[in-house]
Amino acid sequence: MTTAEILLALVTVQRGLELVLARRNTAQLKARGAVEIASSHYPLLVALHASWLASLWVFGHDQPVNPVVLLAYLLLQVLRVWVMATLGSRWTTRIIVLANAPLVTSGPYRYLRHPNYAVVAGEIAALPLTLHLPGIALFFTILNALVLFIRIRAENRGLASWRALSEERAT
């Protein structure tokens with residue numbers, strides 16, 4: 001196996017394990033009365049990430065690895081773990097709203113409203129650049145920006161409705 005193939009295999013396994021964790025957390029949240037909102041764009045998000053990873057396998061499996069950019073990618077993984085640890089059982093890949101649960105404002109959420117999306121945007125650019133694939137980095141960064149525009153608007157609307165519902169129940 002090449003170094004690039006080992007890296008891509010690790011990323012593929014990581015993403016698979018994250019999907020398992022996200023499904024478990026989603027099921028637990030729904031069992032507590034949470035609801036999913038704005039799910040219509042979710043298949044687009046999945047297709048984006050799957051095609052990004054597939055393109056890296058196709059075009060990057062035999063590429064040399066840039067150690068400087070790899071270090072930046074690994075630092076993004078530290079931030080990813082920080083986001084996931086901060087959210088705990090509330091981390092999912094879907095937009096799940098749990099009424100009367102406080103908004104998370106600790107960890108990276110002290111500094112950014114959507115730190116997970118910032119990490120993902122960085123990853124989508126950094127991993128292809130690690131494999132000397134600037135065209136793939138640019139193409140998927142643009143697609144990701146478009147999908148995040150849709151997703152963040154939907155999430156913000158969901159959080160606004162969550163706040164209104166929580167305030168209504170409190171009075």
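Some observations on this one:
- Residue match in region 113-124 (condition: within 16 Å of Ser51 (Cβ to Cβ), without any contact (Cβ under 8 Å) to a residue 24 or more places away in the chain and not polar (S, T, N, Q)): no
- Among the residues of region 12-34, those that are under 23 Å from Arg157 (Cα atoms) and exposed (fewer than 14 other Cβ atoms within 10 Å of the Cβ) comprise Arg23, Ala27, Ala31, Arg32, Gly33.
- Cβ-Cβ contacts under 9 Å between residues 6 or more apart (or on different chains), taken from a first residue in region 19-42 that is touching a residue at least 12 places away in the same chain (Cβ under 8 Å) and at positive phi to a second residue that is in a helix (DSSP H, G or I) and not hydroxyl-bearing (Ser, Thr, Tyr), are listed as Ala38/Ile150; Ala38/Arg151; Ala38/Arg153; Ala38/Ala154; Ala38/Glu155; Ala38/Arg157; Ala38/Gly158.
- Checking each residue in region 125-147 for being free of Cβ contacts under 8 Å to residues at least 24 places away in the same chain and of a type in the set (A, V, I, L, M) picks out Ala125, Ala137, Leu138, Ile142, Leu146.
- Residue match in region 105-114 (condition: small (Gly, Ala, Ser) and outside any loop (DSSP other than H, G, I, E, B)): yes
- Of the criteria (1) at pLDDT 95 or above; (2) within 23 Å of Val46 (Cβ to Cβ), which one His114 fails: (1)
- Lone unmet requirement of (1) more than 21 Å from Thr141 (Cα to Cα); (2) touching a residue at least 40 places away in the same chain (Cβ under 8 Å) for Leu56: (1)
- Considering region 91-133, and only residues there that are out of contact with any helix residue (DSSP H, G or I) (no Cβ under 7 Å at 6 or more places or on another chain) and of a type outside the set (A, V, I, L, M), the residue that is surrounded by the most Cβ atoms within 10 Å (Cβ to Cβ) turns out to be His132.
The values are calculated or read from the model by the stated rules, or taken from the named source; none is laboratory data. Since we're looking at a predicted model, the values are computed, not measured. Ideal geometry is used to build each Cβ from the backbone, glycine not excepted, and the neighbour counts take in all protein chains shown.
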